[in-house]
1. How far is it, in nm, from the label point at residue 49 to the one at residue 8 when both lie 7 Å from their Cα along the line to the Cβ?
2. Would you please name the trypsin sites (Lys or Arg not before Pro) within region 1-35 that are DSSP coil residues with at most 13 other C-beta atoms within 10 Å of their C-beta?
3. Provide the FRET efficiency to the nearest 0.05 for the residue 41-residue 67 pair, computing r from the beta carbons and using R0 = 22 Å.
4. With an 8 Å Cα cut-off and a minimum separation of 6 or more residues, compute the relative contact order for region 30-72 in percent.
5. Cut-off under 18 Å on the C-alpha distance; same-chain residues fewer than 8 positions from residue 66 excluded. Which aspartates and glutamates are left, in chain and number order?
6. Starting from the Cα of residue 32, step 7 Å along the direction of its Cβ; do the same at residue 56; then give the gap between the two resulting points in nm.
7. Quote the charge dipole size of region 19-68 about the Cα centre in Debye, to the nearest 20; the model charges only the Cβ of Lys and Arg (+1) and of Asp and Glu (-1).
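What follows is calculated from the coordinates using simple rules that are stated; it is not laboratory data. Source: prediction; values computed, not measured. Positions of Cβ are backbone-derived with ideal geometry, glycine not excepted, and every protein chain shown enters the neighbour counts.
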Amino acid sequence: MSNGVYKFIELVGTSKVSWEDAAKSAVELAGKSLDELRIAEIGKLDMQVENGKVIAYRARVNVSFKYEQKEAWDYPPKATNNDS
C-alpha cells in the first residue's frame, strides 16, 4: 500500500437475492461517488424476515478509500449574515 491517508466508512447493501449481491451493490454504488476505493470488508450479514419468510439479505460492508486533502479554493464560500 502506498503512503497516504485512508478513510473507512460503513455501508449497508440490501438484496432480495443474496448476501453477495447485497455487498456487491453497496460497493459498486459507493464506487460511483468515492474515488480510489481500496478495500471492502464484510462486517456483518443479516436478513430481513416478514411472516416467517426471508424477504431481504443485508450486508454491512466497511470500505476504505484514499483521503485527499482539498485546498481552500475547492470549497464553496460560506454564506454570511450580510448576504441578504
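1. 3.0
2. For trypsin sites (Lys or Arg not before Pro) across region 1-35 that sit outside H, G, I, E and B with at most 13 neighbouring Cβ atoms in 10 Å, the list reads 16, 32.
3. Efficiency computed from Cβ-Cβ geometry: 0.80.
4. 42
5. 10, 28, 35, 36, 41, 74
6. For the pair residue 32/residue 56, the computed spacing is 1.7 nm.
7. Rounded to the nearest 20 debye, it is 120 debye.
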